[in-house]
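J.: I'd like to ask you about the structure that follows.
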Amino acid sequence: MQIMTKRKNGLLIASLSGELDHHSASQVREELDEELTMDIQELELDLSGVTFMDSSGIGVILGRYRILRERGGSLRITAMSAYVGRILKMAGVLPLVSQQESQSKGKRGTKHA
Amino acid sequence: MLENQMELHFASISQNEAFARTVAAAFATQLNPTIEELTDIRTAVSEAVTNAIIHGYENDPGQTVILTGEIQGRSIVLSIRDTGRGIENVELARQPFYTSQPNMERSGMGFSVMEAFMDKVVVESSPGQGTVVTLFKQLSQEDDHA
Ligand SMILES: Nc1ncnc2c1ncn2[C@@H]1O[C@H](COP(=O)(O)OP(=O)(O)O)[C@@H](O)[C@H]1O
Ligand SMILES: [Mg+2]
């Protein structure tokens, strides 16, 4: 699993590529949490490069969602495959991390890969 | 009618989650499934194998997980077996969002994903003995593929 990050002001953008399963989850969790310094209020996840995901991925995303929520921030998924969307929808995660829910001030569109 | 079977034994380490789902998908490939069917199989097997490793064997790397596959016509049956701790209440374990490990960031959606992606999921388990999860899927007719 490869993670590329970019930060500007209180925003962290993370692009994940590879397979997100239980094996890679701990690495993703560690790397993201390291980048989620206290000045970060918003996390944008680009999952368009995620070629496989199972329910372990749901746990990782919900875990980061809670971290951001606790500090009054938000998590948003900006891009994902239909397949990843299907699993997130099943777990009821989609409404939590889609554009409408976010507190984002910018005008960044949601792409679907 | 195509008939085939396979059995794979592997160590209970998380690296083998990807290995096992890839083997299951490769086994199914001879039926020329759709990409979606292949993804369904890969995902369901990943869930069951992950459960065997983290719940059945509680992350003990020295145990063995067994994956078997059977093909008959266009039906595929995959079973994932561990001889770990077993499940006390299978009905409860299968509930969406139920997890015995909420502090490990488990979502409790593993069984729900298996059920959504396969036609039928049978769970046989006894505490202290282990668990067998059997996944059934009837693949679409090849002529129907777009
Ligand atoms: N092979 C297994 N051995 C023992 N317990 C299991 C096994 N598979 C599942 N379980 C139990 O069923 C629960 C639900 O499984 P699942 O739906 O995959 O959610 P999760 O893995 O996120 O906890 C697990 O938390 C665990 O208690
Ligand atoms: Mg699970």
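The values are calculated or read from the model by the stated rules, or taken from the named source; none is laboratory data. In this text the structure is predicted, and so the values were computed from the model without any measurement. All Cβ positions, even for glycine, are placed from backbone atoms using ideal geometry, and neighbour counts span all protein chains on display. Ligands, DNA and RNA are excluded from the accessible area calculation, which covers all protein heavy atoms including side chains. Shrake-Rupley method; radii C 1.70, N 1.55, O 1.52, S 1.80 Å.
J.: A:Met1 - would you say it is touching a Phe, Trp or Tyr at 6+ places or on another chain (Cβ under 8 Å) and under 23 Å from B:Ala18 (Cβ atoms)?
T.: The answer is no for A:Met1.
J.: Just checking, does region B:31-43 include any residue being of a type in the set (Lys, Arg), touching a residue at least 60 places away in the same chain (Cβ under 8 Å) and open to solvent by 10 Å² or more (accessible area, probe 1.4 Å)?
T.: Within region B:31-43, the subset of a type in the set (Lys, Arg) is B:42.
Then keep just the ones that are touching a residue at least 60 places away in the same chain (Cβ under 8 Å); that gives none.
Looking through region B:31-43, none of the residues is of a type in the set (Lys, Arg), touching a residue at least 60 places away in the same chain (Cβ under 8 Å) and open to solvent by 10 Å² or more (accessible area, probe 1.4 Å).
J.: Answer yes or no as to whether A:Ala14 is within 14 Å of chain B (Cβ to nearest Cβ), more than 19 Å from B:Ser107 (Cβ to Cβ) and in contact (Cβ under 8 Å) with a residue 24 or more places away in the chain.
T.: Details: within 14 Å of chain B (Cβ to nearest Cβ): no; more than 19 Å from B:Ser107 (Cβ to Cβ): yes; in contact (Cβ under 8 Å) with a residue 24 or more places away in the chain: yes.
Taking the combined requirement at face value, the residue does not satisfy it.
J.: Let me ask something additional. So B:Met114 clears everything in (1) open to solvent by less than 40 Å² (accessible area, probe 1.4 Å); (2) touching an Asp or Glu at 6+ places or on another chain (Cβ under 9 Å); (3) away from ligand 2 (no atom under 11 Å from the Cβ) except one condition, right? Which one?
T.: (3)
Listed here are the residues, each with its yes/no results for (1) at pLDDT below 95; (2) within 13 Å of chain A (Cβ to nearest Cβ); (3) open to solvent by 20 Å² or more (accessible area, probe 1.4 Å); (4) part of a loop (DSSP other than H, G, I, E, B).
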position: B:Glu17; (1), (2), (3), (4): no, yes, no, no
position: B:Ala28; (1), (2), (3), (4): no, no, no, no
position: B:Glu47; (1), (2), (3), (4): no, yes, no, no
position: B:Leu67; (1), (2), (3), (4): no, no, no, no
position: B:Pro96; (1), (2), (3), (4): no, yes, yes, yes
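J.: State all residues of region B:4-15 that are over 14 Å from B:Leu78 (Cα atoms) and either in contact (Cβ under 8 Å) with a residue 12 or more places away in the chain or away from every other protein chain (no Cβ under 14 Å) (or both); if no residue qualifies, say none.
T.: B:Phe10, B:Ala11, B:Ser12, B:Ile13, B:Ser14
J.: So, B:Val122, is that one among the hydrophobic types (A, V, I, L, M, F, W, C), farther than 24 Å from B:Thr39 by Cα, away from ligand 2 (no atom under 12 Å from the Cβ) and open to solvent by 30 Å² or more (accessible area, probe 1.4 Å) or not?
T.: no
J.: Give the residue that is nearest to ligand 1 (Cβ to nearest atom), with candidates limited to residues of region B:51-65 that are open to solvent by 40 Å² or more (accessible area, probe 1.4 Å) and within 12 Å of another protein chain (Cβ to nearest Cβ).
T.: Filtering region B:51-65 for residues that are open to solvent by 40 Å² or more (accessible area, probe 1.4 Å) and within 12 Å of another protein chain (Cβ to nearest Cβ), the one nearest to ligand 1 (Cβ to nearest atom) comes out as B:His55.
J.: Can you pull out every residue in region B:72-86 that is open to solvent by less than 40 Å² (accessible area, probe 1.4 Å) and more than 15 Å from the chain's Cα centre (by Cα)?
T.: Scanning region B:72-86 gives B:Gly73, B:Arg74, B:Ser75, B:Gly84, B:Gly86.
J.: Select from region B:96-133 the residues that are small (Gly, Ala, Ser), more than 6 Å from ligand 1 (Cβ to nearest atom) and without any contact (Cβ under 8 Å) to a residue 40 or more places away in the chain and list them in ascending order.
T.: Listed by number, the residues that qualify are B:Ser112, B:Ala116, B:Ser125.
J.: So, one more: In the list A:Arg29, A:Arg69, A:Arg86, which residue meets the criterion of being touching a helix residue (DSSP H, G or I) at 6+ places or on another chain (Cβ under 7 Å) and either within 14 Å of chain B (Cβ to nearest Cβ) or assigned to a helix (DSSP H, G or I) (or both)?
T.: Checking each option against the conditions leaves just A:Arg29.
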